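Participant: Just dropping this structure here.
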């Protein structure tokens, strides 16, 4: 599952075993292999309203951190940009609690009919964190989350899509310099932050694969259309104070355009320079408290309808040594 990275075949003898080890570690990372069931392709049957159930963890919480809860929160932050009517996590938890349901594992065992009565939605997303690991030692640091996630249609009892994926962030002998290794290890010791960063990458990779139902609703509700979004971001670019993020998107003309940087910086204005082309930028400040974030462009019509599209080719990644990250 995912992309397999293979190390060089000829290298210094004493490094060869380590290279092989890191290549094995990387095998679970990369593209999320999302299996979409055939029934989902019927636009008339696609769910409109979705609730994200509490995620479960099959191992004890490591180091007083709850990676499954962090993962659920992070996943919701990005899933909410898709074209579903999503139930806020707090509302989901309140409805389950009022029904006397507080055990996450028992919630997953409920029948689709009962979940629909309690939550009042068409579908739910279930997440099971199979393993979570944070390790720092020697010349190696890694944080990983291995999880199964699916969407269950409460109207039919069918699983619409599912995946099992392992996401990992790491540093080690493959890092370019000793300075990078030390810096990455220092960041990895911040367990909460390391898990959230891993969960964020996992979530972003999933959003690239989950079908967005907004396109199939255009006949009923004409949302503003965005045909593409571009930025000046590069996969390995680490942003520092005074660096600028440039965003441009193309879509329906005559609308109000803006973009978000994750959930921490919203409604940055985009100017329509020519009909249908919107551009804008944001300059990084030393006070910005963020590590990595998704860029989301939006167009809003006069009647309040909003079309959204996020940049799939990378996130805004910040150099934590030069910003006051969390």
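The values are calculated or read from the model by the stated rules, or taken from the named source; none is laboratory data. Here the structure is a predicted model, which is why all the values come from computation and not from measurement. As a convention, Cβ positions derive from the backbone with ideal geometry for all residues, glycine included, and neighbour counts pool all protein chains shown.
Participant: Residue under question is residue 96, and the condition is that it be surrounded by fewer than 20 Cβ atoms within 10 Å (Cβ to Cβ) and in the same structural domain as residue 150 (by TED's automatic domain parsing); does it hold?
Facilitator: Considered against the rule, which asks whether it is surrounded by fewer than 20 Cβ atoms within 10 Å (Cβ to Cβ) and in the same structural domain as residue 150 (by TED's automatic domain parsing), residue 96 comes out as no.
Participant: How about region 268-309: which of its residues are buried (at least 16 other Cβ atoms within 10 Å of the Cβ), outside any strand (DSSP E or B) and either under 24 Å from the mean Cα position of the chain (by Cα) or not assigned by TED's automatic domain parsing to the domain that holds residue 255 (or both)?
Facilitator: 284, 288, 290, 291, 294, listed by residue number.
Results for (1) in the same structural domain as residue 64 (by TED's automatic domain parsing); (2) buried (at least 21 other Cβ atoms within 10 Å of the Cβ); (3) outside any strand (DSSP E or B); (4) within 25 Å of the chain's Cα centre (by Cα), shown as yes or no for each residue.
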site: 102; (1), (2), (3), (4): yes, no, yes, no
site: 106; (1), (2), (3), (4): yes, no, yes, no
site: 117; (1), (2), (3), (4): yes, no, yes, no
site: 129; (1), (2), (3), (4): yes, yes, no, yes
site: 133; (1), (2), (3), (4): yes, no, no, yes
site: 143; (1), (2), (3), (4): yes, yes, no, yes
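Participant: Checking the conditions here, which among 162, 113 is under 30 Å from residue 226 (Cα atoms), out of contact with any helix residue (DSSP H, G or I) (no Cβ under 9 Å at 6 or more places or on another chain) and not in a loop (DSSP other than H, G, I, E, B)?
Facilitator: 162
Participant: For residue 91, only one of the following conditions fails: (1) surrounded by 15 or more Cβ atoms within 10 Å (Cβ to Cβ); (2) modelled with pLDDT of 85 or more; (3) assigned to a helix (DSSP H, G or I). What is its number?
Facilitator: For residue 91, the failing item is (1).
Participant: Take the conditions under 25 Å from the mean Cα position of the chain (by Cα), at pLDDT 85 or above, closer than 22 Å to residue 31 by Cβ and buried (at least 18 other Cβ atoms within 10 Å of the Cβ) and apply them to residue 171. Does it pass?
Facilitator: The answer is no for residue 171.
Participant: If you go through region 237-251, how many residues are in a loop (DSSP other than H, G, I, E, B) and without any contact (Cβ under 8 Å) to a residue 60 or more places away in the chain?
Facilitator: 2
Participant: Provide a single number: the residues in region 252-267 that are modelled with pLDDT of 90 or more and either in a strand (DSSP E or B) or surrounded by fewer than 20 Cβ atoms within 10 Å (Cβ to Cβ) (or both).
Facilitator: Result for region 252-267: 9.
Participant: Quick check on my filter: what residues within region 174-193 are under 26 Å from residue 206 (Cβ atoms), at pLDDT 50 or above and in a loop (DSSP other than H, G, I, E, B)?
Facilitator: 190
Participant: Among what's in region 43-83 and is in a helix (DSSP H, G or I) and modelled with pLDDT under 85, pick the residue that is farthest from residue 123 (Cα to Cα).
Facilitator: Step by step, filter region 43-83, then rank; the result is 63.
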